[in-house]
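Before any comments, here is the structure.
Please treat every number below as a calculation from the coordinates, not as lab data. Note that this is a predicted model, so its numbers are computed, not measured. Glycine also receives a Cβ, built like all others from the backbone with ideal geometry; neighbour counts cover every protein chain displayed.
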Amino acid sequence: MAHLRRRTVVALTALLTVAAGLPGTPAQAAPPPTAPARAAAPGSERWSVDLAVAGGDDVNVAWRSGRLRLADPRPTARTRPAAVAGPVAEGILLSAPRALDRPATRVRAQLAARTGDGGTAMAQVRGWRARGWTEWRDATEAVFDQPVSRVQARVVLTTSDSASEATVTGLTLAADSVATTAVQPAAALKYRVYATRIGLVGGITANGHTVRTRDHFAALPTRRGLSPRGTGDYTVKVCTTSGSRCEYAPVWDVGPWNTRDDWWNPASVRENWKDLPRGKPEAQAAYQDNYNGGRDQFGRTVRNPAGLDLADGTFWDGLRLTDNAWVDVTLLWTGGGARAVVGSGPLNLRAGASTSYASRGLAATYAHVPVQCYVTGQKIAGTYRTTTRWYRLVGGNYVSHAYLSSIYGGTVPRC
């Protein structure tokens with residue numbers, strides 16, 4: 001006898017903190033949202049998010065019959081984040097960033113969705129400040145410490161089986177400003193966590209990337225730091241505990257174990273497991289302390305304490321690991337300062353401004369690396385230019401300007 005699934009219409013309204021991003025390619029316009037619009041606050045800017053699926057950054061979603069839904073709702077290796085291997089199918093629609101008419105410090109979102117047992121639909125928003133993107137946030141009230149000039153939204157759908165329902169008919173955003181207290185960015189957060197090797201060549205990451213042999217990227221057990229495909233908006237610096245080898249890698253997947261565990265955030269911000277110490281992944285607590293009965297969010301027995309997954313190239317070539325290990329990871333988007341974008345990698349991290357110096361690790365393509373100052377060194381003919389300029393990174397390693405596509409977040413002085 002077929003199970004009768006309860007269907008509910010969800011209209012989620014919340015204040016979201018946002019910031020701007022780099023403009024994307026506009027998609028084909030979708031019909032207006034079906035949910036009744038809530039009146040915008042005086043002085044606010046309001047718009048409907050385009051839900052048409054144009055490919056590119058969109059993952060496993062389709063726009064059909066006036067609804068955004070999963071293209072394939074069956075949980076398989078091709079429809080769930082590779083690193084987490086959870087029992088759910090997932091899809092993400094990434095909207096084009098919107099330039100605001102005036103800077104804003106908050107955004108109010110209204111999501112019109114229909115879900116059934118085993119299905120979820122959520123809207124998330126991020127924004128751009130001079131020092132880079134904010135983390136993605138669910139539709140909850142949030143206020144940023146500084147105004148933002150651009151806003152980007154994404155819709156995340158999940159189902160536990162092909163009979164589950166998760167569809168969206170509209171998403172409306174309204175941005176305005178409230179008084180805030182600016183906070184100067186501190187040094188990027190750094191923690192020691194257990195890292196495992198992703199493997200899974202041929203699998204699909206949460207941002208739609210197909211895992212390649214000796215690939216270079218990382219996975220964290222939350223979507224809050226998930227970079228869109230082909231970007232390093234959220235980059236981690238991962239080093240061996242001795243500090244002898246490091247790699248800068250973009251975060252392109254969600255996992256291991258969990259999907260809502262931003263373990264580096266304080267309890268006031270952390271999605272789940274708010275009673276855990278800051279910097280301690282839920283999987284580590286489950287494995288070491290029998291937290292949550294020794295299980296992850298899906299009820300699976302946790303068999304290692306991993307809070308980070310590394311693609312094979314990062315694991316073997318960047319860090320030269322031979323087995324899963326404790327590593328030191330720096331979440332670079334949590335700090336400030338100038339950043340250089342690696343346009344052609346993996347790029348060697350040199351001990352000095354010449355290829356004659358030893359390699360101390362790698363910087364993956366699309367990684368955003370923190371730049372301290374520049375020096376004159378060996379002349380290099382690279383992908384973007386021929387130059388004698390080398391940049392010293394925070395931490396002391398050097399990379400040639402010849403392979404960097406852009407620099408943002410501040411001026412770079414001579415060393």
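Charges at C-beta only: +1 for Lys and Arg, -1 for Asp and Glu. How large is the resulting dipole of the chain about its Cα centre, in Debye rounded to 20?
I would put it at about 580 debye.
Which one, Thr180, Thr301, Ile198, is farthest towards the positive end of the dipole of the chain when Lys and Arg carry +1 and Asp and Glu -1 on their Cβ?
Thr180
Rounded to the nearest 0.05, what FRET efficiency is calculated for Arg78 and Phe298 with R0 set to 25 Å and r the Cβ-Cβ distance? Before the final figure, lay out each step's value.
On the way: r = 19 Å, r/R0 = 0.74.
About 0.85, to the nearest 0.05.
Which of the lysines could be linked to Lys280 by a straight reach, that is with a Cα gap under 22 Å, when you skip same-chain ones fewer than 8 residues away?
Lys190, Lys237
Take region 55-209, drop everything but the C-alpha atoms, weight them equally and run the Debye formula without solvent; then report log10 I(q)/I(0) at 0.21 Å⁻¹ to two decimals.
Rounded to two decimals, the profile gives -1.25.
Taking springs between alpha-carbon atoms closer than 10 angstrom, which of Pro256, Pro305, Pro221 fluctuates most in the Gaussian network model of the chain?
Looking only at Pro256, Pro305, Pro221, the biggest GNM fluctuation is shown by Pro305.
Only helical DSSP H runs with n ≥ 4 go in: add -39500 (n - 2.57) per run for the chain, normalise by residue count and round the 222 nm mean residue ellipticity to 500 deg cm²/dmol. Can you show the working numbers first?
Numbers: 1 runs with 8 residues, N = 415.
Using -39500 (n - 2.57) per qualifying helix, the result is -500 deg cm²/dmol.
Placing unit charges on C-beta atoms (Lys and Arg positive, Asp and Glu negative, everything else neutral), compute the dipole magnitude of region 37-177 about its Cα centre in debye, rounded to 20.
On the way: 19 positive and 15 negative charges, 49 e Å.
Roughly 240 debye for region 37-177.
Can you find, among Trp136, Thr365, Cys415, the residue farthest towards the positive end of the dipole of the chain? Put +1 on the C-beta of Lys and Arg, -1 on that of Asp and Glu.
Cys415
Pull out a ≥ b ≥ c, the square roots of the eigenvalues of the alpha-carbon gyration tensor of region 128-213, then state rounded if a/c is under 1.5, prolate if not and a/b is larger than b/c, and oblate in the remaining case. Walk me through the numbers on the way to the answer.
On the way: a/c = 2.56, a/b = 1.28, b/c = 2.00.
Verdict is oblate for region 128-213.
One quarter of the convex hull surface, Cα atoms only: what value does that give for region 149-260 in nm²?
Details: hull surface 43.1 nm².
That works out to 10.8 nm².
If only Cα atoms are counted, what is the Rg of region 74-128, and what is its Dmax, in Å?
Cα-based Rg and Dmax for region 74-128 come out at 15.4, 43 Å.
Loop-only trypsin sites (Lys or Arg not before Pro) in region 322-415, please: DSSP not H, G, I, E or B, and at most 14 other Cβ atoms within 10 Å.
Arg385
What ³J(HN,Hα) values, in whole Hz, does the Karplus curve 6.51 cos²θ - 1.76 cosθ + 1.60 give for region 240-251 when θ = phi - 60°, with x put for Gly and Pro?
3J(HN,Hα) across region 240-251, in whole Hz: 5, 5, 7, x, 6, 9, 9, 9, 8, 9, x, 8.
Please state, to two decimals, what the Cα-based radius of gyration of region 321-363 comes to when divided by 2.2 N^0.38 Å (N = residues). Numbers along the way, then the final one.
Values: Rg = 13.3 Å, N = 43, 2.2 N^0.38 = 9.2 Å.
Normalised Cα radius of gyration, region 321-363: 1.45.
Counting only other residues whose beta carbon sits under 14 Å from that of Gly199, what net charge do I get with K and R as +1, D and E as -1?
Numbers: positive: Arg197, Arg212, Arg214; negative: Asp215, Asp253, Asp309, Asp312, Asp323.
Taking every other residue near Gly199 into account, the sum is -2.
Pick out which of Val341, Val148, Val375 has the largest mean-square fluctuation in a Gaussian network model of the chain, springs linking Cα atoms closer than 10 Å.
Result for the chain, Cα springs under 10 Å: Val375 fluctuates most.
I need the phi-derived Karplus couplings for region 266-278: 6.51 cos²θ - 1.76 cosθ + 1.60, θ = phi - 60°, integer Hz, Gly and Pro marked x.
Going residue by residue, I get x, 4, 5, 10, 3, 4, 10, 6, 5, 7, 7, x, 4 Hz, with x marking Gly and Pro.
Would you grab the residues whose amide H sits under 5 Å from the one on Arg114? Only those 5+ places off in sequence or on another chain, please, with H modelled 1.01 Å from N.
Counting only residues 5 or more places away or on other chains, the set is Val10, Thr167, Val168, Thr169.
Cα-based Rg (one decimal) and Dmax (whole number) for region 259-349, in Å?
For region 259-349, the Cα-based Rg and Dmax read 15.8, 45 Å.
Which of the following values of volume of the Cα convex hull per residue in Å³ was calculated from the structure shown: [x] 144; [y] 162; [z] 136?
For volume of the Cα convex hull per residue in Å³, the calculated option is [x].
³J(HN,Hα) across region 401-409 via Karplus (A = 6.51, B = -1.76, C = 1.60, θ = phi - 60°), whole Hz, x for Gly/Pro?
5, 5, 10, 9, 7, 6, 9, 9, x
What would the Debye formula give as log10 I(q)/I(0) at q = 0.12 Å⁻¹ for the alpha-carbon point model of region 226-290, no solvent?
Relative scattering, expressed as log10 I(q)/I(0), comes to -0.39.
Can you divide the C-alpha Rg of region 321-415 by 2.2 N^0.38 Å and report the result to two decimal places? Could you put the intermediate results ahead of the total?
On the way: Rg = 13.2 Å, N = 95, 2.2 N^0.38 = 12.4 Å.
Scaled against compact globular proteins, the figure is 1.06.
Can you tell me which of Thr355, Thr365, Thr167 moves the most in a GNM of the chain? Springs connect C-alpha atoms under 10 Å apart.
It is Thr355.
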